1. Looking only at the range 301-315, how many residues end up being within 13 Å of the ligand (Cβ to nearest atom) and free of Cβ contacts under 8 Å to residues at least 24 places away in the same chain?
2. Among the numbered criteria (1) part of a loop (DSSP other than H, G, I, E, B); (2) surrounded by fewer than 20 Cβ atoms within 10 Å (Cβ to Cβ); (3) at negative phi, which one does Thr153 miss?
3. Among the residues of the range 265-296, write down those that are farther than 19 Å from Arg133 by Cβ and touching a helix residue (DSSP H, G or I) at 6+ places or on another chain (Cβ under 8 Å).
4. Would you pick out the residues in the range 16-68 that are on the phi > 0 side of the Ramachandran plot and within 23 Å of the chain's Cα centre (by Cα)?
5. Does the range 119-142 contain any residue that is free of Cβ contacts under 8 Å to residues at least 24 places away in the same chain, surrounded by fewer than 20 Cβ atoms within 10 Å (Cβ to Cβ) and over 20 Å from the mean Cα position of the chain (by Cα)?
6. Which of the strands (runs of 3 or more DSSP E) found entirely inside the range 264-354 contain at least 1 residues meeting this: surrounded by fewer than 18 Cβ atoms within 10 Å (Cβ to Cβ)?
7. Determine if the range 279-287 includes at least one residue that is at pLDDT 80 or above, under 30 Å from Tyr140 (Cβ atoms) and within 16 Å of the ligand (Cβ to nearest atom).
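The values are calculated or read from the model by the stated rules, or taken from the named source; none is laboratory data. The structure displayed is predicted, hence computed values, not measured ones. FYI the Cβ positions are ideal-geometry reconstructions off the backbone, even for glycines, and counts take in every protein chain you see.
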Amino acid sequence: MTQVITLLHHGAMGERVIGHIEGVASGAIFRRRTDVRRAHLHGDTQRGISRLKDADGIYVADAIVLNGGYEDDRDDWVRVKYTGASPDKDKAPDGKRLLRSQSWEYRDNAALKLSFERKYPVRIIRGPEGDERYSLPDDYRYDGLYEITEIRTAVSISPAPDGSPIHICQFELERLPQPEQELTDAERGIASVLQQQELIQEEDDVAVQGEPGWSDSEKFPRVRPASIQRIVRDAATVRRVKELYGHECQMCGLRLVGSDERPYSEGAHIKPLGKPHNGPDVERNILCLCPNCHVALDIGAVVIDDDWSIVVRAGLFGDNVRAKLNRHKRHRVHEEYVRYHREWWQQKRGSSRP
Ligand SMILES: [Zn+2]
């Protein structure tokens, strides 16, 4: 992973580069493909793969768009299976299937393959036609840097019209860890401090594991210690969710205001970021909560039902159904994340009972 970090550099304004684009944070949204291109995130408004000349004059890829591509594509947020490109004449009219096998020599595939060989990170932009668990209904969103972990020639799900197998250029990508999705050197400095703290935290966890009654090594970790969380600027996704609710807690309605008149709220990922959960940093997985409710969610003191009721665990007295989660009409929290969170804690609870 370290060799990837050293390759990242920040482009000056108006320049398309490998890695992050100066001034464009992960989570930034754009109305159309032309806006994505104008931000220098992707060099084209039609193609999936964006190419860029490397220092030696040979094309590498700097970005891909996930927007309902081929049927062999798969998107699990952290891991992405991506089918290479084909000339239009090789595509079925529905755009999902192919009529002919793909070639590693085809310009876009050759560029993405070279990025794999040179260990260059690739920017991923998700469009409105992408997986509905991650995509915004109308906009394109920059989802940060991914590394290509594997390439292979694979056989497509659907054969050619004459029944013969179709070979595709398949790429596997994995999202770089959250600290590497930060923008500036200053932010990366903070990120490395956080990473060290997480390592210390992990060591503590390992130490605790040896004690009886503390066998739960897996838990829902807060990704960042609260004291440092305030220094790190909110991701664009979190900021948008908070603004939608005017910093009012979606669970209890509390809206905290500091002495400087500035409201305070926290962006809570329902399915947590990072291992082992690998929840996505998307609006549909984020709640605007007060610090108290944020903690309650993170430790499983509350879970959310399929009908959006908030269920409070009340120890001896059993469960307590409270009001429903407040949901803005422009914020479609996805049931899958709520269910993941609930089932995770239910399973924990079940296993801790005598
Ligand atoms: Zn609250």
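1. Going through the range 301-315 one residue at a time, the tally reaches 2.
2. With respect to (1) part of a loop (DSSP other than H, G, I, E, B); (2) surrounded by fewer than 20 Cβ atoms within 10 Å (Cβ to Cβ); (3) at negative phi, Thr153 is out only on (1).
3. Within the range 265-296, Ser265, Glu266, Cys288, Leu289, Pro291 qualify.
4. Of everything in the range 16-68, those that are on the phi > 0 side of the Ramachandran plot and within 23 Å of the chain's Cα centre (by Cα) turn out to be Gly19, Gly23, Gly27, His40, Gly68.
5. no
6. Filter on the range 264-354 gives 309-313, 319-324.
7. yes
Okay, residues lined up against (1) away from the ligand (no atom under 16 Å from the Cβ); (2) modelled with pLDDT of 95 or more:
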residue	(1), (2)
Glu261	yes, no
Ser265	no, yes
Ala268	no, yes
His277	yes, no
Ile299	no, no
